[in-house]
Amino acid sequence: QPVVGAALGVLMLGEVLAESGGVTGKAARPNSAEIEAHLRKLQEDHPRLVTVREVLKTEEGRPILAATITDPDVSDDNKQNVLITAGQHGNEETGRMLAIVTLDWLVTKGAAETRRKQKIVVMPNVNPDGAEQDLHANPKGVSPNLDHPLAGAPISPEGKAVDIISRELMPELY
């Protein structure tokens, strides 16, 4: 059921974006500014539950954002840490769309138990420069999903942003 619900959510989000004019290209494909506006609106509408943070900026100056969703009335010490990253490949829309739909669900009454049990950080658009140019990698040719070396540090802002959040959150589920 969750997979079906997520797929329907993607279709519904596409319809909402198309109706509002908030799309680029032929399909419902939110650009980086629209994704940021969506996250900021979630934070504005649900300030107790959602915190949006700019982790870093890309080479082209776009923000790499992370949204944290949790129940502030329950100590984080008693929660599972979850990290969801999407949009590491700029030309793959489904991950970004599912991350947005997941964020939208996480602020509903139906997700209250999840928020009590988990601290969830969602990075819905890890590679905004690649997304804007419809590239698999970032404009410098670095694939953010491969920029997580076991030894050393990531070389791209996108890899560094995921590394920063991963080290801070220490997710049990990623």
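A compact table of results
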{"quantity": "Residues satisfying the stated conditions in segment 30-88, i.e. small (Gly, Ala, Ser), part of a loop (DSSP other than H, G, I, E, B) and open to solvent by 50 Å² or more (accessible area, probe 1.4 Å)", "calculated": "75"}
{"quantity": "Enumeration of residues in segment 106-140 that are surrounded by fewer than 16 Cβ atoms within 10 Å (Cβ to Cβ), part of a helix (DSSP H, G or I) and in contact (Cβ under 8 Å) with a residue 12 or more places away in the chain", "calculated": "112, 116, 117, 133"}
{"quantity": "Selection count where residues are under 13 Å from residue 93 (Cα atoms) and out of contact with any Leu (no Cβ under 9 Å at 6 or more places or on another chain), scope segment 127-148", "calculated": "7"}
{"quantity": "Pick from segment 141-167, criterion more than 17 Å from residue 130 (Cα to Cα) and hydrophobic (A, V, I, L, M, F, W, C), ranking: most open to solvent (accessible area, probe 1.4 Å)", "calculated": "150"}
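The values are calculated or read from the model by the stated rules, or taken from the named source; none is laboratory data. Keep in mind it's a predicted model, so treat the numbers as computed, not measured. Using ideal geometry, Cβ is built from the backbone for each residue, glycine included, and neighbour counts are taken over all protein chains shown. The protein model used for the area step is the full one, side chains on, heavy atoms only, and it has no ligands, DNA or RNA in it. Shrake-Rupley method; radii C 1.70, N 1.55, O 1.52, S 1.80 Å.
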